[in-house]
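Take a look at the structure set out below.
Read the figures in this text as sums done on the coordinates, not as results from a lab. For clarity, every value in this text was computed on a predicted model and none was experimentally measured. Cβ: placed from backbone, ideal geometry, glycine included. Neighbour counts: every protein chain shown.
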Amino acid sequence: MKRLSLFLILFVGLTVATAVGQEQVYRSVEQMPEFPGGAVALMRYIDSQVQIPQIPEKITNGRVVVQFVVQSDGSIGEVKVVRSVHPDYDQEAVRVVKSLPKFTPGRQDGKAVAVWYTLPVSFRDKESGAGYGFMTKPKFDTHSDTTIYRSVEQMPRFPGGEAALMKYINAHLQTPQTSENIKGNVIVQFVVQSDGSIGEVKVLRSVHPDYDQEAVRIVKSLPNFEPGRQDGKAVAVWYTLPVVFR
C-alpha cells in the first residue's frame, strides 16, 4: 500500500481570536494543542491511515496544507484546505484529519480553549523512492555533508516556546507596501541546524514576491533555537512556519 508522510508546523498568527459557532478560536496560545503521544505518534497515525488516491494524473510529490480547529475538549472541529494539490488528494487529507482522536487541548491563561492548528500533509509515492515508511526510520534529506531530518523524537524549540516565537514574529514583521490589498499566509520552510542556528530557508507557499521576501527575512533573523534531537543527539531538522500577514 502506498503511504504518505507528514511533518508538523507551528502556526504563528496574531494574538487575536475568531468566532466559530459559539466558541472563540485562537490563532496562537501559550500552550498549543498536542496529539496523544506527541508529534511522532501523530505522524504514525497519519502514516497508518492515509492512502494515495488513484487518479489518472501523476502526482508524485504533492503537499496539501490543512487547517483545522482543535476544540476546547480536544476534538476536531472545522477543517479546511489552505493549499490544494488535487480535489481527491485534498479530500483524503481532510478525511484523515477528521478521523484524528482527541488532542490535549490548547490552553490560554490556564484555560482550555479552541485553537487553529495547521498541518501540511505530504503525498509521496513510496515506490518511486520519494517517500518513506515511518515505521522503519525517520525521513531525512542530505544537504552538503549534513543530515537534515524531517521528523525527530524531539523537535527544535524556540527560546521561550511557541508564545515567544509568535511575539518575536509579530514584533519584527512589517507588511510590505504594495498596490494590492493582500492578506495571506506565506509558508516558509527552514533548517534548524544542530547548533540551533538557521540554515537554508525556502518559501513553500507564496503570496506575493514582496511578502515572500519579508517572511524569509524575518525567519533569517530568528535567534538560535534549541536544536532538535534524535537518539539523544542534536541534529539538523526542517521546520515549517506559516507567517501571517493581516
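Dipole size in debye (nearest 20) for the range 160-215 around its Cα centre, Lys and Arg Cβ +1, Asp and Glu Cβ -1? It would help to have the intermediate numbers written out before the result.
Details: 4 positive and 7 negative charges, 31 e Å.
Here the size comes out at about 140 debye.
Past 26 Å, Cα to Cα, is the threshold; run LYS80/LYS202; LYS80/LYS233; LYS58/LYS80; LYS58/LYS102 against it and keep the listed order.
Pairs exceeding 26 Å: LYS80/LYS233; LYS58/LYS102.
With +1 on the Cβ of every Lys and Arg and -1 on the Cβ of every Asp and Glu, and nothing else charged, how large is the dipole of the range 26-88 about its Cα centre, in debye rounded to the nearest 20? Before the final figure, lay out the partial values.
Numbers: 6 positive and 7 negative charges, 52 e Å.
With Lys and Arg at +1 and Asp and Glu at -1, about 240 debye.
Working out 0.36 nm times the residue gap between ILE182 and GLN24, then minus their Cα-Cα distance, what length gain in nm do you get to one decimal? Each step should come with its number before you reach the end.
On the way: separation 158, 0.36 × 158 = 56.88 nm, distance 2.46 nm.
The ILE182-GLN24 span can extend by a further 54.4 nm.
If you take the beta carbon distance between SER48 and GLU200 as r and set R0 to 35 Å, what does 1/(1 + (r/R0)^6) give as a FRET efficiency, to the nearest 0.05?
FRET efficiency, SER48 to GLU200: 0.70.
Can you sort VAL82, VAL29 from fewest to most other Cβ atoms within 10 Å of each residue's own Cβ?
Details: VAL82 16, VAL29 23.
Ascending Cβ contact count within 10 Å gives the list VAL82, VAL29.
Could you give the nm distance between label points at ASP88 and HIS172, where each point is 7 Å from its Cα heading toward the beta carbon?
Between ASP88 and HIS172, the label points sit 4.4 nm apart.
Could you calculate the FRET efficiency of LYS58 with HIS208 from 1/(1 + (r/R0)^6), where r is the beta carbon distance between them and R0 is 25 Å, rounded to 0.05? Present the calculation step by step, with values, prior to reporting the outcome.
Values: r = 30 Å, r/R0 = 1.20.
Calculated value: 0.25.
In whole angstrom, and with the biggest value first, how far do the Cα coordinates of the range 162-245 range along each principal axis?
49, 22, 15
For the range 184-225, state the average projected area of the convex hull of the C-alpha atoms over all orientations, rounded to one decimal in nm².
2.7 nm²
Could you list LEU165, LEU241 in order of exposure, starting from the residue whose Cβ has the fewest other Cβ atoms within 10 Å?
Arranged by neighbour count, lowest to highest, LEU165, LEU241 become LEU165, LEU241.
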